[in-house]
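The values are calculated or read from the model by the stated rules, or taken from the named source; none is laboratory data. Just so we're clear, the structure is a prediction, and the values are computed from it rather than from any experiment. Don't worry about glycine lacking a Cβ; one is built from the backbone with ideal geometry, like all the others, and counts go over all protein chains shown. With ligands, DNA and RNA removed, areas are computed over all heavy atoms of the protein, side chains included. Shrake-Rupley method; radii C 1.70, N 1.55, O 1.52, S 1.80 Å.
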Amino acid sequence: MRVLVTGGTGFVGSHTVAALVAAGHEPHLLVRDPGKLENLCSKHDLPRCEYTRGDMTDAHAVRRALEGCDGVVHAAALVALERARARQAIDTNLRGTELVLGTARQMGVERIVYVSTAAVLFDPARGPIRPTHPVAPSAGSAYGLSKSQCELFVRGLQEAGVCVRTVYPLQVIGPRDPGLSEGNQGLKMLMELPRLIPSAGGMQAIDVRDLAAIHVALLEADPAPERHVTAGQYLTWAQVCTRLDGLTGNRTPRLSVDGRLVRWLGRLGDEVQRWVDLGVPLTAEAMEYASRWPGADSSQTLAEFGVSFRPLEETFEDTLRWLHEAGHLSSKRIGRLARPRRKRAGRERD
């Protein structure tokens, strides 16, 4: 298939492009900066991808990009966490989603994957997150507000019978990140800062390569309007720290603290980042998720589409090694992972 990928030079989008190529499909990208595409192809060792130059909020560019396409993965989004940028994020992300998905519908493209976020379903009072949950009553960031608005629009399309498959990832981590996305920033923070871990809640990360494989599987299946939670194995924060220490050989001190303190630190982080970029996801929204995450179950999606998640230790190892190779973590921080890698049995490196 010829598949349009928006956000193809970003973290999730670039791995989706690589997975499409590996599966024998032909990705076509909508990009604002062709130079980023050259960098993507080099890092993923991909042949030069075709592209249309333009923005997702440009109706003419979107239509040109969709010409001749059999499917689309809409992964582009303006990630703006500051409240001051709420209107910009909502306008950009909602307009882009309306144009990409709406134009695909007009042009008869039936295979559509929309990349949402599990954050739009976050409501601890409802228990473990399910794709049938309503859109959460509130969001703490401009990005969260914008994705909630996009979610309502997409659900309207699905109710009208448009074959959009929505995926709800959270805490996406993995190697080869063109920038340093929020999930990888969070892992870096865990390795560098004092570990004040919430006494409740936990982490449910998904490997970006597994998420990309799910996108391909959803595109290849018979078109249908569906929603899928794509969250990895749930670990408490104590379990996360234990596994990271086991991989690195380091014994990093940790202190379990009440969730209220963690959430207060997040609010403090919001105030500080009005003036200074801390470079870490210390926000009220992130700390709310960290301390009150109710869990989510992806087993039905995995079974239905024949995909699986790689072991979380493998994801942690590959991500930490990449963070070190890219200069984001020192050799001291990753301990024995700074040594040359031994050949991994079973799954081939990708």
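When LEU94 is tested against (1) aliphatic (A, V, I, L, M); (2) surrounded by fewer than 23 Cβ atoms within 10 Å (Cβ to Cβ); (3) over 21 Å from the mean Cα position of the chain (by Cα); (4) part of a helix (DSSP H, G or I), just one condition goes unmet, and that condition is (3).
Filtered by the rule that a residue be open to solvent by less than 20 Å² (accessible area, probe 1.4 Å) and either part of a loop (DSSP other than H, G, I, E, B) or without any contact (Cβ under 8 Å) to a residue 60 or more places away in the chain (or both), the stretch 170-181 gives GLY174, PRO175, ASP177. Among residues that are over 13 Å from the mean Cα position of the chain (by Cα), surrounded by fewer than 21 Cβ atoms within 10 Å (Cβ to Cβ) and under 16 Å from PRO131 (Cβ atoms), PRO225 is included. Taking the stretch 11-37 as the range and being touching a Ser or Thr at 6+ places or on another chain (Cβ under 8 Å), open to solvent by 10 Å² or more (accessible area, probe 1.4 Å), part of a helix (DSSP H, G or I) and farther than 20 Å from ILE173 by Cα as the test, only LYS36 passes. Remark: pairs (first residue in the stretch 154-169, more than 14 Å from VAL135 (Cβ to Cβ) and open to solvent by less than 30 Å² (accessible area, probe 1.4 Å); second residue of a type in the set (S, T, N, Q) and assigned to a helix (DSSP H, G or I); Cβ separation under 6 Å; 6+ apart in sequence or on different chains) = VAL164/GLN158. Residues that are over 20 Å from VAL167 (Cα atoms), free of Cβ contacts under 8 Å to residues at least 40 places away in the same chain and charged (D, E, K, R) within the stretch 271-313 comprise GLU271, ASP277, listed in sequence order. Say we look at the stretch 269-296 and pick out the residues that are at pLDDT 85 or above and closer than 17 Å to ALA142 by Cα; which of these is nearest to the chain's Cα centre (by Cα)? Filtering the stretch 269-296 for residues that are at pLDDT 85 or above and closer than 17 Å to ALA142 by Cα, the one nearest to the chain's Cα centre (by Cα) comes out as TYR289. Restricting attention to the stretch 189-207, does a residue exist that is in contact with a strand residue (DSSP E or B) (Cβ under 8 Å, 6 or more places away or on another chain), in a helix (DSSP H, G or I) and open to solvent by less than 20 Å² (accessible area, probe 1.4 Å)? Scanning the stretch 189-207 turns up no residue that is in contact with a strand residue (DSSP E or B) (Cβ under 8 Å, 6 or more places away or on another chain), in a helix (DSSP H, G or I) and open to solvent by less than 20 Å² (accessible area, probe 1.4 Å).
Here is a yes/no grid of residues against (1) over 23 Å from ARG165 (Cβ atoms); (2) among the small types (Gly, Ala, Ser); (3) part of a strand (DSSP E or B):
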residue: LEU4; (1), (2), (3): no, no, yes
residue: THR9; (1), (2), (3): no, no, no
residue: ASN39; (1), (2), (3): yes, no, no
residue: PRO47; (1), (2), (3): yes, no, no
residue: TYR51; (1), (2), (3): yes, no, yes
residue: MET56; (1), (2), (3): no, no, no
residue: ALA65; (1), (2), (3): no, yes, no
residue: ARG105; (1), (2), (3): no, no, no
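Specify the residue that is most open to solvent (accessible area, probe 1.4 Å); the eligible residues are those in the stretch 228-251 that are assigned to a loop (DSSP other than H, G, I, E, B) and farther than 25 Å from PRO294 by Cα. Top of the filtered list is ARG251.
Just checking, does the stretch 252-266 include any residue being among the hydroxyl-bearing types (Ser, Thr, Tyr), open to solvent by 10 Å² or more (accessible area, probe 1.4 Å) and over 30 Å from ALA22 (Cα atoms)?
Yes - at least one qualifying residue is present in the stretch 252-266.
Looking at the stretch 269-282, is at least one residue part of a helix (DSSP H, G or I) and within 23 Å of TYR234 (Cβ to Cβ)?
no
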